[in-house]
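The values are calculated or read from the model by the stated rules, or taken from the named source; none is laboratory data. Predicted model, so just to flag it, every value in this text is computed and none were measured. A quick note on method: Cβ atoms are made from the backbone with ideal geometry, for glycine too, and the neighbour counts reach across all protein chains shown.
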Amino acid sequence: MPMSNQYPWEKTGQTRCSHLVDKAIEIFTAAPRPTEDLNVAACVHGEKYGHPYLVVEGGVPCFYRPHKLPLLTKDPFPIILATIRARVFILDGAHRLARWKLAGQATIPAIRLTPEESIACIRPGMEKRLEELDLDAPV
């Protein structure tokens, strides 16, 4: 499996669930780890409030926008998984994962942050918001 620092990561300026994607990229490029094959079939696909979402490993639901799904490619860019209060969520790559799920693909590459690394990615000042977050509502 390729290592996390072997991909051409670019700064995104994005935040998901009060976690900074750029901080995650900084962490796993400085401390490389192998990507893993995430079982796409095990990801739950649902809809709430008229919007589709995905859930990885029984974790936190994550909305995506169908009109933003990328093209299906031979070698997809890895998704990034993080943790909030012991529940996994998609920090980056929900649209890539949705495309693979809807296309019936078996696996997608993923990079997983440890719970401690996930905490290090929280945007300063957002810790209280995360403590109060309803983890069953899509984020």
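When restricted to residues that are at pLDDT below 90 and closer than 24 Å to GLU26 by Cα, segment 53-81 contains 2.
Restricting segment 1-19 to residues that are part of a helix (DSSP H, G or I) and not small (Gly, Ala, Ser), the residue that is nearest to GLU131 (Cα to Cα) is ASN5.
Within segment 85-139, track down each residue that is of a type in the set (D, E, K, R), part of a loop (DSSP other than H, G, I, E, B) and at pLDDT below 90.
Answer for segment 85-139, where residues must be of a type in the set (D, E, K, R), part of a loop (DSSP other than H, G, I, E, B) and at pLDDT below 90: ARG85, ASP134, ASP136.
Taking LEU69 as meeting all but one of (1) free of Cβ contacts under 8 Å to residues at least 60 places away in the same chain; (2) of a type outside the set (Gly, Ala, Ser); (3) over 16 Å from SER18 (Cβ atoms); (4) in contact with a strand residue (DSSP E or B) (Cβ under 7 Å, 6 or more places away or on another chain), write down the number of the exception. LEU69 satisfies all of (1) free of Cβ contacts under 8 Å to residues at least 60 places away in the same chain; (2) of a type outside the set (Gly, Ala, Ser); (3) over 16 Å from SER18 (Cβ atoms); (4) in contact with a strand residue (DSSP E or B) (Cβ under 7 Å, 6 or more places away or on another chain) except (4). Cβ-Cβ contacts under 8 Å between residues 6 or more apart (or on different chains), taken from a first residue in segment 99-119 that is closer than 13 Å to PHE28 by Cβ to a second residue that is among the hydroxyl-bearing types (Ser, Thr, Tyr), are listed as PRO109/THR35; ALA110/THR35; ILE111/SER4; ILE111/THR35; LEU113/THR83; THR114/THR83; SER118/THR83.
If the condition is being more than 15 Å from the chain's Cα centre (by Cα) and either surrounded by 19 or more Cβ atoms within 10 Å (Cβ to Cβ) or not in a loop (DSSP other than H, G, I, E, B) (or both), then segment 70-84 contributes no residue at all.
If you check GLY46, GLY104, GLY50, GLY58, which single one turns out to be surrounded by fewer than 12 Cβ atoms within 10 Å (Cβ to Cβ) and touching a Lys or Arg at 6+ places or on another chain (Cβ under 8 Å)?
GLY58
Could you tell me whether any residue of segment 70-93 is in contact with a Pro (Cβ under 7 Å, 6 or more places away or on another chain) and of a type in the set (Val, Ile, Thr)? So far as segment 70-93 goes, yes, one or more of its residues are in contact with a Pro (Cβ under 7 Å, 6 or more places away or on another chain) and of a type in the set (Val, Ile, Thr). Looking only at residues in segment 33-69 that are in a strand (DSSP E or B) and charged (D, E, K, R), the one that is nearest to LEU133 (Cα to Cα) is LYS48.
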